[in-house]
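Report on one structure; see the data block that follows.
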Amino acid sequence: MKKWKLVSALTGAAAVCAGTFWFMQGPTEAVQAAADPENAEEAVVSEEAAAGTDRIIDPSVRVLPGARIAVVSKSTKGEFWEKIREGMSDAVDDLNNAFGFSGEDKLSMTFEGSKDEMDVDTQINTLDAVISENPDVLCLCAGDMDSCLAQLEAAEENGIPVVVFDSTVAEDDLISAYRGTDNVAVGKIAARKLADEMSGQGEILVFSATEKSATVRSRVAGFLEELAEWPDITLIDVIYQDQVEDLGTAIQETLEAHPGARGIYCTNGDTADLFLSIEKNEDNHLVIVGTDGTKEQVKAIEEGRILGCVSQKAWQIGYDTMLAAAALTTPVNLTKVERDVYMDPMWIDGSNYADPEMAGYIYQ
């Protein structure tokens, strides 16, 4: 068992109070646990490093020296996940610098997960191993929103706060905070851009990552909600990666079966990159909308092969996740840890992909 139990964050908010932070080492002994915020300074970074990002450290937050934060991601492979990890690592460095942590007092982070978002079994096994090591905070991006109830309950029993990032879980009463994109908005923007480009009529196909993911469910839900406003557009089918043997083959077969389809929506970066790599009948004049500002999609936008993509601030998601985790290393905090933070997505197309203000949304 951990030496202290998080009291209020698991009910949706961190406690706010004045005074010194404490955690219990035993039934009668209390020691001051957190760094003095008066000694903290705001992190200072170059304009170049901070382009398209927000990396300000709140000096009033109390952080447990030497805290261990464990990250279990949906995947470790791909441009989006690399940016997430980069943001988390930068946040740890900024926190250590801001609070003057050195040696054994430094915050530390581990980042683990499978190389395939569909490999839920590996993620569950990793969660079991990580929780057994009793980190101070667990950060989780769930590959299957319904699969990790036992692990979340184990974390709660051991007093380990959980910050969910990018893709949430079904049992949200077991988490302390969420940091990610408004994925319903992602789907709505994609549908609106497609429908407008198609002059409000025609047939659309959706090619998607695994349906088990909360992000995917939200994006598809937003997409369908917006399409309901366009009565002359028909959604032919939604093809999920976890419902076919091979998504690339399924894409080719679906396109051949529906030669009249004009619009394509891909719900994540990997799916969009895969779609762009497949040889297609160029006479179809497909209108394609992707998700996430991957290098391949940005190149396709520049070349006019894709209308655009709805992108996320991946680095910022990682950074803000780590800030929330650091704040939850103490049982209470001087500043309230906001329960759910949803970041706005951004539409990227030929008119703005080279704009420096879009740098945070492009994974290069």
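The values are calculated or read from the model by the stated rules, or taken from the named source; none is laboratory data. This is a predicted model, so every value here is computed, not measured. So basically every Cβ, Gly included, is an ideal-geometry build from the backbone, and we count neighbours across all protein chains shown.
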Subject >> Condition check for ALA170: surrounded by 21 or more Cβ atoms within 10 Å (Cβ to Cβ) and either of a type in the set (A, V, I, L, M) or at pLDDT below 95 (or both) >> reply: no
Original post:
Out of all the residues in the stretch 142-156, which are under 12 Å from VAL120 (Cβ atoms) and in contact with a helix residue (DSSP H, G or I) (Cβ under 8 Å, 6 or more places away or on another chain)?
Top reply: ALA142, GLY143, ASP144, MET145, SER147, CYS148, GLN151
**OP:** Mind listing just one residue for me: the one in the stretch 278-302 that is acidic (Asp, Glu) and modelled with pLDDT of 95 or more and, of those, surrounded by the fewest Cβ atoms within 10 Å (Cβ to Cβ)?
**Re:** GLU302
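A quick yes/no check of all residues on (1) closer than 30 Å to ALA155 by Cβ; (2) of a type outside the set (Ser, Thr, Tyr):
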site	(1), (2)
ASP172	yes, yes
SER176	yes, no
VAL186	yes, yes
ILE189	no, yes
ARG192	no, yes
GLU203	no, yes
VAL206	no, yes
LYS212	yes, yes
VAL216	yes, yes
Original post:
Looking at this structure, is GLY318 assigned to a helix (DSSP H, G or I), in the same structural domain as ASP54 (by TED's automatic domain parsing) and touching a helix residue (DSSP H, G or I) at 6+ places or on another chain (Cβ under 8 Å)?
Top reply: yes
**OP:** Look at PHE23 and say whether it is at pLDDT below 50, in the same structural domain as THR321 (by TED's automatic domain parsing) and either surrounded by fewer than 17 Cβ atoms within 10 Å (Cβ to Cβ) or out of contact with any Asp or Glu (no Cβ under 8 Å at 6 or more places or on another chain) (or both).
**Re:** yes
Original post:
Which condition breaks for ILE131 when tested against (1) within 21 Å of ASN268 (Cα to Cα); (2) assigned to a helix (DSSP H, G or I); (3) not polar (S, T, N, Q)?
Top reply: (1)
Original post:
Does at least one position in the stretch 327-349 carry a residue that is in a loop (DSSP other than H, G, I, E, B), hydroxyl-bearing (Ser, Thr, Tyr) and surrounded by fewer than 24 Cβ atoms within 10 Å (Cβ to Cβ)?
Top reply: yes
Subject >> the stretch 108-131 residues that are over 14 Å from GLU82 (Cα atoms), paired with ones that are surrounded by 15 or more Cβ atoms within 10 Å (Cβ to Cβ) and acidic (Asp, Glu) (beta carbon under 7 Å, 6 or more apart) >> reply: MET118/ASP242; VAL120/ASP144; THR126/GLU112; VAL130/GLU112
